[in-house]
Amino acid sequence: MIALAKLIYPFRRPAPPAAKPPMGFFTDSTLCIGCKACEVACKQWNQLPSDGFEFSGDSYDNTKTLSATTWRHVVFVEQFPAGDGIARKPPVVPVPETPIDPETFSLDALLSGSDQGRWLMMSDVCKHCSAAPCEAACPTGALVFNEFSNVYIQNDICNGCGYCVAACPFGVITRSPHDGHAHKCTLCYDRQRDELIPACAKACPTESIQFGPMEELRVRAAKRVDELHRRGIADAYLYGDQPSATYSALGAFSLLLDKPSVYGLPDEPAMPQRNLGGDYAIAALGALAWIIAATVALAGNAILW
Amino acid sequence: MPGLGASFGRGAATSFQGDLANSDCILIMGSNMAEAHPVGFRWALKARERGAPLIHVDPHFSRTSAMADLYVAIRAGSDIAFLGGLINYIIAHDRWFKDYVLHYTNASTIITEEYAGAEQLDGLFAGFDSSSSRYEAAPGAWGYSVEGSGQVATDPTLEHPRCVFQIVKRHFERYTPEMVAWVCGCTLGEFLRVAELLSRNSGRERTGAIVYALGWTQHSTGVQMIRAAGIIQLLLGNMGRPGGGIMAMRGHCSIQGSTDIPTLYDLLPGYIPQPLAVPAHASLTGYLEHGHDYNSAYHSSAAGFWREAPTAGYWANLPKFMISLLKAWYGEAATADNDYCYGYLPKLDGDYSQLATVIRMYEGTVKGLFLIGQNPAAGAPNAELNRAALRNLDWMVVRDWFEHESANFWYADPRVTDPRQIKTEIFFLPAAAMAEKDGTLTNTERLLQWHDKAVDPPGDCRSDAWFMYHLGLRLKRLYQDSTLERDAPIRDLTWDYAAEGPAILPDGNASRIVDEPDIERVLQEINGRRTVDRELLKGFAELKDDGSTACGCWIYSGVFPADRDNRARSRNPALRGSTYPEWGFAWPNNRRVMYNRASADPDGRPWSERKRLVWWDDAEAKWTGFDVPDFDVGKPPGYRPAPGARGMDALAGDAPFIMHPDGRGWLFAPNGVKDGPLPAHYEPRESPFANALYKTQTNPTLREFPSPLNQLAIPRDPDFPIIATTYRLTEHYLSGPMSRFNSWLNELQPEMFVELSPELAGQRGIEHGGWMVVTTPRGEIEARAMVTHRVKPLTVAGQTTHQIGLPIHWGYAGETVGAIANDLIPIILDPNVSMHEAKAFTCEVRAGKLNNIRRAKPIYAATRAHGDEPIPDTPSYAQPEGRQQPGQIGRFRLVRLFRRRSKVT
């Protein structure tokens, strides 16, 4: 009987946890000060190893990429006008002989707009896509949607095949050099189950990383974009809060100030299955060709002569 | 500190970081707040989100600049020219808050006839003695003019040629916008934007804040930069009001505590001056009469307003503070008969500041050193001279978490070829980290926050309090039978801090360290007790000068007003109006915004409803509001002192700056700062430029230390044409002991680099990511080149000027190693606080690496327990995370075998 029980046991599954409202991240990059507390908090909570000490020269970003051992990555983009040779530009206001009288010259021109350049900073993370291609690609069922609608890798099931690595359009997942399995941001599943907020959101000093129910975050983010537009920051927009023509909505969406590719994100992420359309067609044709060839070969005598 | 102390009365940040959220305009200058104080910076961002412009004026475009609405690049060391330009603009365009200035500052005070200012004396002030390089030739030359009746002369119309307002106006007349652009290298438009934004956002209805940090203090004119900010905030009426004030952002989590208690050689707890070895201070009575007098041999400056200890203002209570302190230290042995053991206190006969002491170590007159939580071998200016000094010691006790550069120089410094030649005997005693001990931190906003012990420290690590306590016990045992007079101070010292039993940790286990002192008892002694029944005092108002009270630090009194009422532990985040009165304890007496009397007009009504903070309640006949009033609670606004009144009774009901004898904010400082009553722009000691404002090139009172290891460039030295400055990165902490032994931080910023502009890099053939050498008269270092457009050439005095920036975080001890930026900094000290000039010096740069040098190798084995073995002699609850106990078997062990073989740890 015990033997029978052991045989049946792997096929008996307990009920999965009851679904909860979807939770996720809204990362407002206009509040990011590039402090990397999110990177360190994540590494400390999850006890991830460091990735080596290499000076990248890419602004202040020596982390370079998300990987199995780095689940938060702060991007730095320097956008400064190239110098026009040696001297700085001449003063905006011509030098007068008498002291400046604010009543008679317009300061509005001085007070608005600036060509001083900007330094964009954003904390990148696994997007926890609503329809995650990595979850679809996983052959072992290691990748699942948990009760918070986050994408989660069950490490004891993952066999390290790497299909998820190829499937992710954002390049989030890699396989760890330590144990060969795929790892990525868990959205602090363990903390969420104890009703804590993720470590990165907890550590972020300026609340650039905001965690909460997706519905609430989307409303808050839309209001934030409106407010920024009102203040004259017309570049602000949301990336991934809504589904696009080619991709689902993201469970971790961002407020950006420039094209996604400037931050290292795909401008138009697409479900990787779409790339396979041609392959399916060729496979179908190939199958047809084989069927014809086999038929000819086997029944050839009967058909041809 | 003296910059703020002379301007307002206390040398500390005048508000709290959360108050920045109430500001209508924030000027951050000499500070990289987002990188150095990222958690506090959230409040500045909240102000920005409410529409307040964030302005960052700094030589270095940092992550703070990235968050600012307006960034202005200036030449390192030209801050006084810029601030002077702001003062000139405010006065010339009538943007100053007239009622505030008239009633709350010394603008109407008339200065004595002997005074002559920088515009008359080519950059000097009256009374300069060129033989001693100090302002001691004419004591009283900066003082208030006193009439025959003994009253100070004033002119409320502000027109008398020698009234402070006119003196200030004349002094800053030459700081025109064009002069600012010429000297600082910014554009006219940028300067005018800053001036206009500040002016528009100050006044009755709006307030602006100024934030500064070591970008101002680490200059030979640092104190005067802060004084200039003080003048601006007084003229604009921003002091003592919500969203106003000056946030001095201190550079360490508890360095405010280190000056409050203090670890400075010339101060006693609560900023009481250390007695001097002069006849006037031979007795307690003598000291109390002259103790706060800055006109003595070692604190020379023009005497100013008073020649005796102030009889007006809060410092008139000095006897209560001093005698209570002596009672706290010497307990029953301190009686009125023996001057309360005043004779036990060391009397100063010279400069014993840190860098002066290092020079003595280098010269061989200091033989031993206790080095606690400090790393001068990499973190001090002219680090090579510091290392040479350490090599010259006979013995050294180092207490820290890791064997940093000052502990392992004898084998790890690449310049040490043979450790056997080093005579220094080093005792390394590992220290406990913050979560491994009880205690308080006093942060930059004067806030005491208690932290509880969470785990035991591993192995032999012990807290610094444990070390000091047991050292004291052993010294007392050693001297207990001595009858020598000179051993009495040790015998008579009160030392009753023993805990009743081992602490219970949050997980329920008893601490295995059974002899840790009880830190709450220390805090209670600091708070103060009545000597007769040991009752805890409720605040410094209860202090007496008759030996019936004992108090270890009068400004902290009130932190522990009753048994089990440790206010430093309080964590209630509730807002009252605009303050958080129940989060921690802010000195003095939990006042969050200092000088908050100034938030109400002379009649006691808030200047505006929008900016109300404290106000006079006629019905209750007391001051009330959102903060503890920084004022006599019962003194009505209309109170006028009777002639001959003393102490606080001598201050009127509309005198908010109660530490000053005239109760006013000082636009002109008659004393308190040694290099002038007003800020004047001087060039940094190493500069490519002549001073365009005065003939006096550099601060005439700054002190130099000639030495072969401390050479200086001559002014406008053609060999060193590039200006260099130093700064921090968020990822690391100071010279590295707290960050470069941590892999997660090291991978964020793994290598020492230098930031320079593409223009300069092109000229010198330096490639981005390649190697470069920085050369100064102190020596050379090599580092990676970060070539970036964030650094721009400036046009200063009509010529193109290049600046470079160096982070200060690397050394030869740690997981990552790199060049020590402080090897390039000279030791030149400002006269007020012996602060060095690290933020502006000159250098040359070239491409390539240094030749023929030994390079440091990262140290792994000596500083990290290898792999995942548990630390010996340490129970499991005190192990670092992830360490397995011996004997664990199973697949965890297998996984760890794999991990050990991998290259990445």
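Bridgeable lysines around B:LYS839 (alpha carbons under 30 Å apart, same-chain partners fewer than 8 residues away excluded): A:LYS36, A:LYS89, B:LYS46, B:LYS169, B:LYS674, B:LYS695, B:LYS792, B:LYS849, B:LYS857. Segment B:CYS253..B:MET468, full-extension length gain: 75.3 nm, with 0.36 nm per residue of separation and the alpha-carbon distance subtracted.
Just round it to a whole percent: the fraction of Cα-Cα distances in chain A exceeding 26 Å. Of the Cα pairs, 58 percent sit more than 26 Å apart.
When restricted to Cα atoms, the protein assembly as shown yields an Rg and a Dmax of 32.9, 141 Å, respectively. Think of the protein assembly as shown as a dipole: +1 on every Lys or Arg Cβ, -1 on every Asp or Glu Cβ, centred on the Cα centre; then among B:VAL796, B:ALA652, A:CYS188, A:CYS188 lies furthest on the positive end. List the residues of segment A:168-209 whose backbone N lies under 16 Å from a point placed 7 Å from the Cα of B:ARG571 along the Cα-to-Cβ direction. Inside the label zone: A:196-197, A:202-203. Available extension along the chain between B:ASP563 and B:ALA510 is 16.8 nm, counting 0.36 nm per residue and deducting the alpha carbon span. Taking the Cβ-Cβ separation of B:VAL633 and B:THR494 as r and a Förster radius of 30 Å, what is the calculated FRET efficiency to the nearest 0.05? About 0.40, to the nearest 0.05. Only protein atoms count toward the accessible area here, which uses a 1.4 Å probe; on chain B, the carbon and sulfur part of that area reaches 52 percent. The slack between A:LEU276 and A:SER56, meaning 0.36 nm per residue of separation minus the straight C-alpha distance, is 75.7 nm.
For chain B, the pair-distance distribution built from all alpha carbon pairs, in bins 20 Å wide starting at 0, is 14, 46, 35, 5, 0 percent.
Computed about the Cα centre, the dipole magnitude for chain B is approximately 2280 debye when only Lys and Arg (+1) and Asp and Glu (-1) carry charge, each at its Cβ.
Evaluated with a Cβ-only charge set (Lys, Arg +1; Asp, Glu -1), segment B:560-717 carries a dipole of roughly 240 debye about its Cα centre, given to the nearest 20. Phi angles of segment B:704-720 translate, via the Karplus equation with coefficients 6.51, -1.76, 1.60 and θ = phi - 60°, into HN-Hα couplings of 10, 10, x, 6, x, 8, 10, 6, 10, 6, 6, x, 6, 5, x, 6, 10 Hz per residue; Gly and Pro are given as x. Around the amide H of B:ILE722, modelled in the peptide plane, lie the amide H atoms of B:CYS843, all under 5 Å away and 5 or more residues distant in sequence or on another chain. Where both bridge residues fall in the protein assembly as shown, DSSP classifies roughly 60% of the beta bridges as antiparallel.
Spin-label pair B:ASP546-B:ASP618: with each label point 7 Å from Cα along the Cα-Cβ axis, the two points sit 4.0 nm from one another. Our coupling estimate for segment B:12-21, obtained by passing each phi through the Karplus curve with A = 6.51, B = -1.76, C = 1.60 and θ = phi - 60°, is 7, 3, 8, 9, 10, 4, x, 5, 4, 5 Hz, Gly and Pro reported as x.
Split the accessible area of chain A by element, probe 1.4 Å, and carbon with sulfur accounts for 61%. Annotation for the B:A interface, with buried accessible surface near 5500 Å², both sides summed [1.4 Å probe; non-protein components not counted].
Of the residues A:ALA131, B:LEU734, A:ALA281, the one whose Cα sits farthest towards the positive end of the charge dipole of the protein assembly as shown is A:ALA281 (charges of +1 on Lys and Arg Cβ, -1 on Asp and Glu Cβ, taken about the Cα centre). The residues B:ARG42, B:ARG204, sorted by heavy-atom accessible surface at 1.4 Å with ligands and nucleic acids left out, run B:ARG204, B:ARG42 from largest to smallest.
Calculate the FRET efficiency for B:ALA137 and B:ALA642 from the Cβ-Cβ distance with a Förster distance of 41 Å, rounded to the nearest 0.05. After rounding to 0.05, the efficiency reads 0.65. If you plug the beta carbon distance of B:ASP418 and B:THR365 into 1/(1 + (r/R0)^6) with R0 = 35 Å, you get a FRET efficiency near 0.85. Toward the positive end of the charge dipole of segment B:133-213, with +1 on the Cβ of Lys and Arg and -1 on the Cβ of Asp and Glu, the farthest Cα among B:VAL168, B:VAL183, B:SER133 is that of B:VAL183.
The values are calculated or read from the model by the stated rules, or taken from the named source; none is laboratory data. Note that this is a predicted model, so its numbers are computed, not measured. Backbone-built Cβ (ideal geometry, glycine too); neighbour counts: all protein chains shown. Surface areas here come from the heavy atoms of the whole protein model, side chains and all, with no ligands, DNA or RNA. Shrake-Rupley method; radii C 1.70, N 1.55, O 1.52, S 1.80 Å.
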